[in-house]
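For reference, the structure discussed in these notes is given below.
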Amino acid sequence: MIRQYHSTCFRFLCALITAIFLTPSRCWGDESAMFANLAPLAQLSSHPGPHEDTLPMAVDGNAATSLLFVAGSDGEGSLTLQFPGPRPVSRIRLLQGHSAYYSTAYQIVADKDGDGEFETTLVRAEKAVEWGQWTEHRFAPVQVTSVQLQSIQGVSQGKRAHPAIYEIEVYGDMTTEDYAAMMQKGVKPTHLPVLKPLFLDTEIVTGGKAKCASWHPMMGHTGNWERR
Ligand SMILES: [Ca+2]
Ligand SMILES: [Ca+2]
């Protein structure tokens, strides 16, 4: 009887620990910034235009899908990412993955004040760039409204401009509204800065706005979660 009681208590304790510590929840205050890939939030445009519906494939988180420029185009292509408002960014990652359409030199410029002029150079990559590998650029934070990837030189072995952009990631601080928009879009988070245990009295909504996002290990994880 005593042994059975102890066994029951042990199982209850294990369940309690599991509920508290294996159900991490992410909560934030009004001022806390979250460093994450903002590209999925951006409005995209390209020059020349995209081939069919490939434009969002530059930011869909899938390294196997790519923005291709429209057939019949040639030369240097560009891709613009316009954010919902000014955002401080400090890291950009680029994946080129096509052996026939890639840039050997490019620059990434920014429009800080939203006037449509890209007056600020964030990155200038002059050396040959390996296609099929991620390239990462880090720099001091710059407040931007838009960034634009501009090919300077590259290879087009077919009938369209280059490069084929498999993924571009622009990292910076996002707002809680950005985070909510990410969740509504079903975008996999790239950042998990603070884990807190989730309790029954944890506030998950304040003033009609989500305050927490919870993640359960049973959902699995293969993404690029990181702490700043
Ligand atoms: Ca993609
Ligand atoms: Ca400007």
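Worth a mention:
- Once the range 32-57 is narrowed to residues that are within 14 Å of ligand 1 (Cβ to nearest atom) and in contact with an Asp or Glu (Cβ under 7 Å, 6 or more places away or on another chain), the residue that is nearest to Arg160 (Cα to Cα) is Ala39.
Each row is one residue, and each column tells you yes or no for (1) under 19 Å from the mean Cα position of the chain (by Cα); (2) under 21 Å from Gln133 (Cβ atoms).
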position	(1), (2)
Asp74	no, no
Phe83	yes, no
Pro86	yes, no
Ile92	yes, yes
Gly97	yes, yes
Tyr101	no, yes
Tyr106	no, yes
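- Where a residue in the range 58-71 is more than 11 Å from ligand 1 (Cβ to nearest atom) and its partner, wherever it lies, is basic (Lys, Arg), with Cβ under 6 Å and at least six apart: Phe69/Arg160; Ala71/Lys159; Ala71/Arg160
- Within the range 82-91, the set of residues being under 18 Å from Ser46 (Cβ atoms) and in contact with a Leu (Cβ under 7 Å, 6 or more places away or on another chain) comprises Phe83 only.
- Members of the range 122-140 that are surrounded by 14 or more Cβ atoms within 10 Å (Cβ to Cβ) and either more than 19 Å from the chain's Cα centre (by Cα) or in contact (Cβ under 8 Å) with a residue 40 or more places away in the chain (or both): Ala125, Val129, Trp131, Trp134, Thr135, His137
- Test for Lys112: is it closer than 22 Å to Thr175 by Cα and touching a residue at least 24 places away in the same chain (Cβ under 8 Å): yes
Every read-out reported here was derived from the displayed coordinates using simple, explicitly stated rules and does not represent laboratory data. The model shown is predicted, which means the values in this text are computed figures rather than measured ones. Here the Cβ is made from the backbone with ideal geometry for all residues, glycine too, and neighbour counts use every protein chain on show.
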